[in-house]
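The values are calculated or read from the model by the stated rules, or taken from the named source; none is laboratory data. It should be emphasised that the depicted structure is a prediction, and the values quoted were computed from it without experimental measurement. Cβ sites come from the backbone with ideal geometry, for glycine too, and all protein chains shown count toward neighbours. These accessible areas exclude ligands, DNA and RNA; they are computed on the full protein's heavy atoms, side chains included. Shrake-Rupley method; radii C 1.70, N 1.55, O 1.52, S 1.80 Å.
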Amino acid sequence: MTAELVRGQNHPLSQARLEVRVSAGTPIVAAAALSDENGRIHGVEWVAHPGAPTQPGLEVSRQAAADHRLAVDLDAVPEAVHRVSVLLALPAGAGPVRFGAVAAPFVAVTGLDGAEIASYTITGLEAESAVVAMELYRRQGAWKVRAVGQGYAGGLAELLTDQGLPQAHQLAGGIDDAVAKGLARSVQAPPPRTADGDRSRQAAAPALGPDQGGSAPQPGQAPPTSPYGGQTPGGPGQPAPQTPSYPGPAPDPDAVTQSSAPTAGGPIDYSHPRRQNAAPPPPPPTAPPAAPGQPARPVAGDATGWSMDERLYNQVWGMFEDLARSTAAYRSAVDFAESRMDKELEQVLSDPRSRIGGQGDAAREAARARHAQLVAQAAEALDRDLAQLTAEAEVVEPALPPAYARWDSPVWHDYRVPMEIPMALRLGDLHLPEADGIRIPMLVRLPLERGLWIDSSRTGSSDASFEDSHALGRLAMETAVAHAARLLAVYPAGEFTVHVIDPAGSGAQPLAPLVRTGVLAAPPALGAAGVADVLARLTQRVDLVQMAVRGGAADSLPPGFDTSQQLLIVNDFPHGFDDRAVNQLRYLADEGPAFGVHLMMVADREESSGYGPLLDPLWRSLLRLTPVPDDHLADPWVGHAWTYEPSLVPPGSQVLQQVLAQVAAARTKYV
């Protein structure tokens, strides 16, 4: 999953060439402003807008649209620029006049391959007609993205004035004029989702280009293209993903899209005139015909995608979204029924004539009957949705590859070391109390964008069976070993390396599978000297790769340099760590993922609180997981508290040792 930001939160950027994608329920204006370290815009030439869509390192849309794709090249912005702000505004004189009347805009920063890096849903807007959505900013030589969400009721003029631009009103008027001239070309919002009564997703059709017998995209259907030549994430001729966006297929790096001049009433040809389109993806599996009056039978892999791996990934997240929305609809209906009953009972009690006696009793019974009817209708709709999701889960779960499958899946018994890195990794299951029988795999994209923190604290845990903190700590370490083994198993031989820091040796027993099979880079580091040695080597590695990448010399690393992804497992933190070691861990947590070093902490957050706020930034930078079921994760759509269950090896199973033995054997052949 991508980094779902909240207002004020930031996230590191590992790429210089990016796209900022904006989705809204109505045509809006998108612009981008360059500013100095104080956030001041020096002149109109520092703003890319529909009237001047291209500035150094920036390119924006020329008209209002419901969906935008802004191109950003951070290496091309002037040295004096320290911030790149993404500005959104409602067109003057057309459509809604305040953001509170439209759907919350969704903004995502992606790579040129369409993979999301960070996203932000701008909520809480009311009378504002312009907003600073996000900002990309320099910090100690590196770029980061921050969710801002600062709105302005005075529109673009007030926003630009607040940014220190002297010609704010003149520029705002010029932007309005440029947008007004292009309103006829405004791109409307995409069609609404399928009605709740039909939750079956349509199967993906092969994407054919005009030179393959397929029809070219029609005006208004094809999303804008990147000036750097990246294809749309949905594939040729397919719409870009909407909020929440899902990763699309990997683009062809040689793809160059150009738009020819449209003819009157004719389609726009976005294909390169001298390039033959690649072969379309194989068609997805088709569902068997359904009985009359019955919903379509689910099929594994019927989502969009250019490979079965990607189709299953998109299908899993589609199931996650469907369950979130179905449950939200049920809870909303129940809340409405209760508020309506309360209102009706209040009206009955407010009238002295109906407060007592048969008339009052009849009114109260009628209110309760209407409440029961509304709740029953909501429960019936939820049960219908859950039945379809259950049927889909029953066919999807057995079809999942090892990277997405549970440890008890038969697919692990036919495991072979892969030749390619999968799209994502399963870290556990998610479920809601209204649908306790449905488990949605929790998938995160690879390579990991954030480190992991296995919390061995009992605070907030829904499992009260672990009264002994030592037993819970051991289970947390077993969970970390299971996650590390899965990471080793899904990477090709030699492309993933695991280090372990266990200062007191308390994790020797859970770590035994990793040690016995020989998949670790070295024996677990013990004592203060071992901790210092491992942290020094990994921080130096991050420094070296960071300098090589930023200096454009990534191919000039020393001979024999280990370019594989690195994972550091830290047990029993913060016991045995001095201030220097803590700072090195914070550095690895912040900068490591962008340069191939990932952190997995096993620690009791409650015990760590005794060290004061020093460790808070470290915990916030990691994805918290638990060794027992816990409801600490929330989805970005409706904010449900999902119960997370870790992916653990079944008791007595030898699958972990078998998989690690194959990984070790493949590594020996690779070396």
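A few points about this structure:
- Close pairs from region 549-562: first free of Cβ contacts under 8 Å to residues at least 12 places away in the same chain, partner of a type in the set (A, V, I, L, M, F, W, C) and surrounded by 10 or more Cβ atoms within 10 Å (Cβ to Cβ), Cβ under 6 Å, at least 6 apart: Ala554/Ala548
- Test result for Ser23, among the hydroxyl-bearing types (Ser, Thr, Tyr), open to solvent by 60 Å² or more (accessible area, probe 1.4 Å) and either under 18 Å from the mean Cα position of the chain (by Cα) or under 22 Å from Pro105 (Cα atoms) (or both): no
- Summed over region 409-427, the residues that are hydrophobic (A, V, I, L, M, F, W, C) and either surrounded by fewer than 20 Cβ atoms within 10 Å (Cβ to Cβ) or more than 21 Å from the chain's Cα centre (by Cα) (or both) give a count of 5.
- Selection within region 151-167 - open to solvent by less than 20 Å² (accessible area, probe 1.4 Å) and assigned to a loop (DSSP other than H, G, I, E, B): Gly164, Leu165
- The set of residues from region 659-671 being surrounded by 14 or more Cβ atoms within 10 Å (Cβ to Cβ) and either within 11 Å of Tyr415 (Cβ to Cβ) or among the hydrophobic types (A, V, I, L, M, F, W, C) (or both) comprises Val659, Leu660, Ala661, Gln662, Val663, Ala664, Ala665, Ala666.
Yes or no, residue by residue, for (1) closer than 30 Å to Ala485 by Cβ; (2) part of a loop (DSSP other than H, G, I, E, B); (3) within 39 Å of the chain's Cα centre (by Cα):
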{"site": "Arg325", "(1), (2), (3)": "no, no, yes"}
{"site": "Ala333", "(1), (2), (3)": "no, no, yes"}
{"site": "Ala337", "(1), (2), (3)": "no, no, yes"}
{"site": "Lys343", "(1), (2), (3)": "no, no, no"}
{"site": "Leu349", "(1), (2), (3)": "no, no, no"}
{"site": "Ala362", "(1), (2), (3)": "no, no, no"}
{"site": "Ala403", "(1), (2), (3)": "yes, yes, yes"}
{"site": "Trp407", "(1), (2), (3)": "yes, yes, yes"}
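- Among the residues of region 446-480, just one is of a type in the set (Asp, Glu), open to solvent by 20 Å² or more (accessible area, probe 1.4 Å), modelled with pLDDT of 80 or more and not in a helix (DSSP H, G or I), namely Glu449.
- Qualifying positions in region 409-445 - within 19 Å of Leu656 (Cβ to Cβ) and assigned to a loop (DSSP other than H, G, I, E, B): Ser409, Tyr415, Arg416, Val417, Pro418, Pro422
- For the condition under 22 Å from the mean Cα position of the chain (by Cα) and farther than 17 Å from Asp177 by Cβ, Leu70 qualifies.
- Identity of the residue in region 550-581, out of contact with any helix residue (DSSP H, G or I) (no Cβ under 7 Å at 6 or more places or on another chain) and either among the polar types (S, T, N, Q) or in a helix (DSSP H, G or I) (or both), that ends up least open to solvent (accessible area, probe 1.4 Å): Ser564
- Considering residues of region 537-579 that are within 28 Å of Arg667 (Cβ to Cβ) and of a type in the set (Gly, Ala, Ser) only, the residue nearest to the chain's Cα centre (by Cα): Ser564
Rundown of residues vs (1) of a type in the set (A, V, I, L, M, F, W, C); (2) within 30 Å of Ala328 (Cβ to Cβ); (3) touching a helix residue (DSSP H, G or I) at 6+ places or on another chain (Cβ under 7 Å), yes/no style:
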{"site": "Leu615", "(1), (2), (3)": "yes, no, yes"}
{"site": "Arg620", "(1), (2), (3)": "no, yes, no"}
{"site": "Arg624", "(1), (2), (3)": "no, yes, no"}
{"site": "Pro629", "(1), (2), (3)": "no, yes, no"}
{"site": "His632", "(1), (2), (3)": "no, yes, no"}
{"site": "Ala641", "(1), (2), (3)": "yes, yes, no"}
{"site": "Ser647", "(1), (2), (3)": "no, yes, yes"}
{"site": "Ala666", "(1), (2), (3)": "yes, no, no"}
{"site": "Lys669", "(1), (2), (3)": "no, no, no"}
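- Within region 387-414, residues that are among the acidic types (Asp, Glu) reach partners that are surrounded by 16 or more Cβ atoms within 10 Å (Cβ to Cβ) with beta carbons closer than 7 Å, at six or more positions or on different chains, in the pairs Glu392/Pro298; Glu392/Met319.
- Test: residue in region 31-54 that is crowded, with 24+ Cβ neighbours inside 10 Å, more than 29 Å from Val444 (Cβ to Cβ), in contact (Cβ under 8 Å) with a residue 40 or more places away in the chain and in contact with a His (Cβ under 7 Å, 6 or more places away or on another chain): yes
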